[in-house]
Amino acid sequence: MTDTATATELSRSRTLWELITHRAALTPGTPVLIEAAEDPSDDRRLTFGELRDRSERVAAGLHHMGVRPGTVVAWQLPTRIETVLLSVALARIGAVQTPVIPFYRDREVGFALRESKAEYFAVPGHWRGHDHTAMA
């Protein structure tokens, strides 16, 4: 498939999830996410096919927990592959996402959660010396 044909195919995507599934069908082995480590041999990579497949599994788990289309899910997570997986899985379900900046604390987080009326809130646990779970 030519670059123009690929671009045309991808441009037909109406949602993030459709874009990912179309791209995974076209180039499943192409890397889409790279999480760099101090030692390059420890870098983590995810291909389009893996992103699609792992996001499907995360979406199934979220659905089992009660997340449905329109469910408001807030998340306060660092930039990691797992954060992208959660976001894509929520897009797959059709949930409403409310990302909260990771360095916000009690006051700002409480405000964001109240205003968004989030039914679920995902946090990283302990991260950079802060207990996000206790704050949540």
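Against the definition (within 22 Å of residue 15 (Cα to Cα), touching a residue at least 60 places away in the same chain (Cβ under 8 Å) and touching a helix residue (DSSP H, G or I) at 6+ places or on another chain (Cβ under 7 Å)), how does residue 58 come out, yes or no?
So residue 58 does not fit the description; no.
Any chance you could count how many residues in segment 64-80 are modelled with pLDDT of 95 or more and surrounded by fewer than 16 Cβ atoms within 10 Å (Cβ to Cβ)?
6
So for segment 75-98 (the condition being of a type in the set (S, T, N, Q) and assigned to a helix (DSSP H, G or I)), does at least one residue qualify?
So far as segment 75-98 goes, yes, one or more of its residues are of a type in the set (S, T, N, Q) and assigned to a helix (DSSP H, G or I).
Could you list all residues from segment 102-127 that are more than 18 Å from residue 70 (Cβ to Cβ), in contact (Cβ under 8 Å) with a residue 12 or more places away in the chain and surrounded by fewer than 14 Cβ atoms within 10 Å (Cβ to Cβ)?
Passing the criteria: 105, 106.
The conditions are (1) in a helix (DSSP H, G or I); (2) surrounded by 11 or more Cβ atoms within 10 Å (Cβ to Cβ), and residue 41 fails exactly one of them. Which is it?
It is condition (2) that residue 41 fails.
Does residue 34 count as at negative phi, exposed (fewer than 15 other Cβ atoms within 10 Å of the Cβ) and in a strand (DSSP E or B)?
yes
So, residue 99, is that one of a type outside the set (Val, Ile, Thr), touching a helix residue (DSSP H, G or I) at 6+ places or on another chain (Cβ under 9 Å), surrounded by fewer than 19 Cβ atoms within 10 Å (Cβ to Cβ) and under 27 Å from residue 45 (Cβ atoms) or not?
yes
The values are calculated or read from the model by the stated rules, or taken from the named source; none is laboratory data. Please read all numbers here as calculations on a predicted model, not as lab measurements. Methodologically, a virtual Cβ is constructed for each residue, glycine included, from the backbone with ideal geometry; neighbour enumeration extends over all protein chains shown.
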